[in-house]
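Have a look at the structure below, then the notes.
The values are calculated or read from the model by the stated rules, or taken from the named source; none is laboratory data. Predicted model only: the values in this text are computed from it and were never measured. Here the Cβ positions follow ideal geometry from the backbone for every residue, glycine too, while neighbour counts run over all protein chains shown.
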Amino acid sequence: MRDTDEPRDDANRRTERRHVRYDPEADDRPSELLVTAVADAAGVDPLELDPLFRTVDPDVLDEFVGAGGLPDVDGRVSFTYEGYRVTVHPSGLIELEPVD
């Protein structure tokens, strides 16, 4: 969690490439982690983002990652969401790259 009193360089937030990894022991689903990661990268509250289901089916995304990822599954899912190119790997790795 981020300390809200900590100074932020919002100009650099949108230019950074970010990686997060889904933890199957956590309470959140992969789709929820994705929304939280995009909101953090953009410096906004997750509720300010468009609903993820308007871009991709969250249930399919969650199933794709599965419980702890599916390392035997080849491929990845990529899409643009809220100004970021999002790539989700079956291992649970989520990559965010700002779209120019």
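For region 13-60: of the residues being among the small types (Gly, Ala, Ser) and more than 12 Å from the chain's Cα centre (by Cα), which is surrounded by the most Cβ atoms within 10 Å (Cβ to Cβ)? Let's see the steps before the verdict.
So in region 13-60, the residues among the small types (Gly, Ala, Ser) come out as 26, 31, 37, 39, 41-43.
Narrowing the set further to residues that are more than 12 Å from the chain's Cα centre (by Cα) leaves 26, 43.
Details: 26: 10, 43: 13.
Filtering region 13-60 for residues that are among the small types (Gly, Ala, Ser) and more than 12 Å from the chain's Cα centre (by Cα), the one surrounded by the most Cβ atoms within 10 Å (Cβ to Cβ) comes out as 43.
Does residue 36 qualify as being over 16 Å from residue 66 (Cβ atoms), at pLDDT below 95 and not charged (D, E, K, R)? Steps first, please.
Working: over 16 Å from residue 66 (Cβ atoms): yes; at pLDDT below 95: no; not charged (D, E, K, R): yes.
For residue 36, the condition - over 16 Å from residue 66 (Cβ atoms), at pLDDT below 95 and not charged (D, E, K, R) - is not met.
Only one of (1) in a loop (DSSP other than H, G, I, E, B); (2) at pLDDT below 95 is not met by residue 56, so which one is it?
Here residue 56 meets the rest and fails (2).
Select from region 61-96 the residues that are modelled with pLDDT of 95 or more, of a type in the set (D, E, K, R) and buried (at least 17 other Cβ atoms within 10 Å of the Cβ) and list them in ascending order.
Residues satisfying the conditions are 82, 95.
A quick yes/no check of all residues on (1) among the acidic types (Asp, Glu); (2) under 20 Å from residue 99 (Cα atoms); (3) free of Cβ contacts under 8 Å to residues at least 40 places away in the same chain; (4) touching a helix residue (DSSP H, G or I) at 6+ places or on another chain (Cβ under 7 Å):
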| position | (1), (2), (3), (4) |
| --- | --- |
| 18 | no, yes, no, yes |
| 23 | yes, no, no, no |
| 35 | no, yes, yes, yes |
| 45 | yes, yes, yes, yes |
| 49 | no, yes, yes, yes |
| 78 | no, yes, yes, no |
| 87 | no, yes, yes, no |
